[in-house]
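Participant: Questions regarding the structure given below will be posed in turn.
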Amino acid sequence: MIELKREIYQELLKWKQEDSGKVLEVEGARQVGKTYILNKFAKENYSQFIYVNMLQTSGKELLQCFAKATEWEPGQPRLKKPLHDALVLFEPDFQDTKETVVVIDEIQESAEVYSKIRQFARDFSCHFIVTGSYLGKTLDKEYFLPAGDMDVLIMETLSYEEFLDSVGKRGVYETVSLYGDSAHSDYEELKEYYRIYTEIGGYPAVVKKYLETRDLGKCREVLRNIIRIFIDESERYFNNVIEIQLFDQIFSAIAQSMIKEKKGSGDLVAELSSILFKEESSRLTKASINQAIAWLYRSHIVGYCNRVNECNMLDVSYNTRFYFRDVGLARYFLKMTGADPGTVQGIVSENFVYLYLERQIRQSMIAGNAPAFGTYKGGEIYFYVRSLDSYKDYAIEVKAGNNQGKTARQMLLDKKVDRVYYLKGDTYGGVREGAATVPIYLTGRIAF
């Protein structure tokens, strides 16, 4: 059996050691491996592991235990620890110690259980972890959101580094020079794996299929199945037929907007409406599109990109462009638009860089609430970055060929940025006059 090494495992270990007293919520798209990694972590690091799935029999049984343990009539003595009693009913050997972990999967299926998170955090010594693929459901009014009582970890599809780990090439990646000082054969090997990775993406089932078969066609079949299951499962959370029909079309519309709106859109909902309906849409339609986008965002399928206007970090236009949260998904839907291969590869490359910048924002390494592209004197750069360590500014250009961006050079000359990074697929790297050329597959090695 193929086992993929995931970096989130170390974050889980750190969370256990810090013992914050909060419930951990693990977010992530369907099929990224949340349940597998949590089961592995729990079994290897706790003496007692209780697993509940709110979509399965165990979830129904837990609710029955809650109902039984909280039975009370006026005039009777008040219950002291009803939730403790409920867990004892569910698991007679339950021990409320720090060596016990309770994992509640698909928690979005029960507003009652989700709304008890604050009590889990405050009334127990044991650790609680909750997760689900469709946590957007918890925004409904019957769900109580206990933000101050939760820690959050986000689990994505496999990164390029994790993919390299699976094929035994992580060591090459971590030691090769950013600027061309290593053996050319090392760069060529990493470039080939980058090509494969940006073809198939990082869903664990897709990567495992590649490791088993080395067949990209079969990998795409697995990815198509993941997409179809996600659509089918998501549709049961929508309220009417119109919303379901919209949701089935929204992916292609997002891909078209990525190709069409190179400058970014001031109103992504209106832009998607024009693509889907080719005419001014009603308020109901716009509301439905907005709901579908929000669902995709909360389900970790798409992310937003901002725009920094005229290199001014205090002048930001929010949510002006989409990217997918997996490069395999991006390629799949971009290809379905019928765009030429060069256009598809260019946007997939941008998407690849976007995901690294998003990760650095979550780690509080660079400024912003989302990655941002930049405008300056009528021109545009792919991404604009401000370091939260040095407070230096960087322009990032994502290039397929040998041409270099005029806008980025002008920003450097005008001292609007401290350095320019040119990220290219066909280079060994180099440094010259405040600008650095780096192979795009080494993006994750750049320290801003």
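The values are calculated or read from the model by the stated rules, or taken from the named source; none is laboratory data. Computed from a prediction, not measured in an experiment: that's the story for all the values here. All Cβ positions, glycine included, derive from the backbone under ideal geometry; neighbour counts span all protein chains shown. For the accessible areas, the whole protein counts, side chains as well, though only heavy atoms, and no ligand, DNA or RNA atoms are used. Shrake-Rupley method; radii C 1.70, N 1.55, O 1.52, S 1.80 Å.
Participant: So L388 fits all but one of (1) at pLDDT 95 or above; (2) buried (at least 18 other Cβ atoms within 10 Å of the Cβ); what number is the exception?
Facilitator: (2)
Participant: Could you check, for region 412-426, whether at least one of its residues is crowded, with 22+ Cβ neighbours inside 10 Å, outside any loop (DSSP other than H, G, I, E, B) and in contact with an Asp or Glu (Cβ under 6 Å, 6 or more places away or on another chain)?
Facilitator: Within region 412-426, one or more residues are crowded, with 22+ Cβ neighbours inside 10 Å, outside any loop (DSSP other than H, G, I, E, B) and in contact with an Asp or Glu (Cβ under 6 Å, 6 or more places away or on another chain).
Participant: List pairs: first residue in region 359-376 and surrounded by fewer than 16 Cβ atoms within 10 Å (Cβ to Cβ), second residue not in a strand (DSSP E or B) anywhere in the structure, Cβ distance under 8 angstrom, at least six positions apart or on different chains.
Facilitator: The qualifying pairs are S364/L388; M365/L388; M365/D389; M365/F448; N369/I361.
Participant: Among the residues of region 297-319, which ones are over 18 Å from the mean Cα position of the chain (by Cα) and either in contact (Cβ under 8 Å) with a residue 40 or more places away in the chain or at positive phi (or both)?
Facilitator: The first filter runs over region 297-319 and keeps only residues over 18 Å from the mean Cα position of the chain (by Cα), leaving 307-318.
Residues satisfying the conditions are R307, V308, N309, E310, C311, M313, V316, S317, Y318.
Participant: Within region 51-68, can one find any residue that is part of a helix (DSSP H, G or I), touching a residue at least 40 places away in the same chain (Cβ under 8 Å) and closer than 24 Å to I154 by Cβ? Write out each step before concluding.
Facilitator: Initially, region 51-68 is screened for residues part of a helix (DSSP H, G or I), giving 57-68.
The next check asks that each one be touching a residue at least 40 places away in the same chain (Cβ under 8 Å); those that pass are 59, 62-63, 66.
Filter once more, so that each one left must be closer than 24 Å to I154 by Cβ: 59.
Yes: one or more hits.
Participant: Any residue at all in region 381-390 that's in contact (Cβ under 8 Å) with a residue 60 or more places away in the chain, assigned to a strand (DSSP E or B) and of a type in the set (K, R)? Let's see the steps before the verdict.
Facilitator: At the first step, the residues of region 381-390 found to be in contact (Cβ under 8 Å) with a residue 60 or more places away in the chain are 384-387.
Next, only the ones that are assigned to a strand (DSSP E or B) stay: 384-387.
Filter once more, so that each one left must be of a type in the set (K, R): 386.
Yes.
Participant: Out of D105, D93, which single residue is modelled with pLDDT of 95 or more and open to solvent by 80 Å² or more (accessible area, probe 1.4 Å)?
Facilitator: Details: D105 fails: open to solvent by 80 Å² or more (accessible area, probe 1.4 Å).
Exactly one residue qualifies, and that residue is D93.
Participant: List the residue pairs whose Cβ atoms are under 6 Å apart, where the first residue sits in region 254-280 and is within 26 Å of E310 (Cα to Cα), the second is at pLDDT 70 or above and open to solvent by 70 Å² or more (accessible area, probe 1.4 Å), and the two are 6 or more positions apart or on different chains.
Facilitator: If the second residue must be at pLDDT 70 or above and open to solvent by 70 Å² or more (accessible area, probe 1.4 Å), the pairs left are V269/N290.
Participant: Within region 203-211, can one find any residue that is touching a residue at least 40 places away in the same chain (Cβ under 8 Å) and not in a helix (DSSP H, G or I)?
Facilitator: Narrowing region 203-211 to residues touching a residue at least 40 places away in the same chain (Cβ under 8 Å): 203-208, 211.
Okay, now just the ones that are also not in a helix (DSSP H, G or I), so 203.
Yes, region 203-211 contains at least one residue that is touching a residue at least 40 places away in the same chain (Cβ under 8 Å) and not in a helix (DSSP H, G or I).
Participant: Do you know which of the residues in region 149-177 that are touching a residue at least 12 places away in the same chain (Cβ under 8 Å) and of a type in the set (G, A, S) is surrounded by the most Cβ atoms within 10 Å (Cβ to Cβ)?
Facilitator: Result: S166.
Participant: Here is a follow-up. Among (1) surrounded by fewer than 16 Cβ atoms within 10 Å (Cβ to Cβ); (2) of a type in the set (S, T, Y); (3) without any contact (Cβ under 8 Å) to a residue 40 or more places away in the chain, where does Y114 come up short?
Facilitator: So the condition that Y114 fails would be (1).
Participant: I would also like to ask the following. Since A29 meets every condition but one in (1) more than 17 Å from D151 (Cβ to Cβ); (2) open to solvent by less than 30 Å² (accessible area, probe 1.4 Å); (3) part of a helix (DSSP H, G or I); (4) among the aliphatic types (A, V, I, L, M), which condition does it not meet?
Facilitator: (3)
Participant: Further question on the same structure: Those residues that are free of Cβ contacts under 8 Å to residues at least 60 places away in the same chain and in contact with a Cys (Cβ under 9 Å, 6 or more places away or on another chain), I need them from region 391-403; list them, please.
Facilitator: First, the residues of region 391-403 that are free of Cβ contacts under 8 Å to residues at least 60 places away in the same chain: 391-392, 394-403.
Selection gives A395 alone.
Participant: Next question. At pLDDT 95 or above, in a helix (DSSP H, G or I) and either out of contact with any Ser or Thr (no Cβ under 9 Å at 6 or more places or on another chain) or surrounded by 13 or more Cβ atoms within 10 Å (Cβ to Cβ) (or both) - does that describe any residue in region 178-185?
Facilitator: Yes: region 178-185 contains one or more residues that are at pLDDT 95 or above, in a helix (DSSP H, G or I) and either out of contact with any Ser or Thr (no Cβ under 9 Å at 6 or more places or on another chain) or surrounded by 13 or more Cβ atoms within 10 Å (Cβ to Cβ) (or both).
Participant: Separate question: Inspect all residues belonging to region 144-166 and state whether any of them is out of contact with any Gly (no Cβ under 8 Å at 6 or more places or on another chain), in a loop (DSSP other than H, G, I, E, B) and under 24 Å from Y203 (Cβ atoms). Break it down into steps so the answer makes sense when it comes.
Facilitator: Looking only at region 144-166, we keep the residues that are out of contact with any Gly (no Cβ under 8 Å at 6 or more places or on another chain), and these are 144-153, 164-166.
With the extra rule that they be in a loop (DSSP other than H, G, I, E, B), the set shrinks to 144-146.
Next cut, under 24 Å from Y203 (Cβ atoms) only: none.
No, region 144-166 contains no residue that is out of contact with any Gly (no Cβ under 8 Å at 6 or more places or on another chain), in a loop (DSSP other than H, G, I, E, B) and under 24 Å from Y203 (Cβ atoms).
Participant: If V130 passes every condition in (1) farther than 19 Å from S58 by Cβ; (2) buried (at least 18 other Cβ atoms within 10 Å of the Cβ) but one, which one does it miss?
Facilitator: Single failed check for V130: (1).
Participant: Determine whether T57 is buried (at least 16 other Cβ atoms within 10 Å of the Cβ) and polar (S, T, N, Q). Talk me through it step by step, then tell me what you get.
Facilitator: Values: buried (at least 16 other Cβ atoms within 10 Å of the Cβ): no; polar (S, T, N, Q): yes.
Spelling it out, it is not the case that T57 is buried (at least 16 other Cβ atoms within 10 Å of the Cβ) and polar (S, T, N, Q).
Participant: Which ones in region 250-272 are within 17 Å of Y382 (Cβ to Cβ), among the polar types (S, T, N, Q) and either at pLDDT 80 or above or in a helix (DSSP H, G or I) (or both)? Break it down into steps so the answer makes sense when it comes.
Facilitator: First pass over region 250-272, keeping only residues within 17 Å of Y382 (Cβ to Cβ): 257-265.
Filter once more, keeping what is among the polar types (S, T, N, Q): 257, 265.
The one that is within 17 Å of Y382 (Cβ to Cβ), among the polar types (S, T, N, Q) and either at pLDDT 80 or above or in a helix (DSSP H, G or I) (or both): S257.
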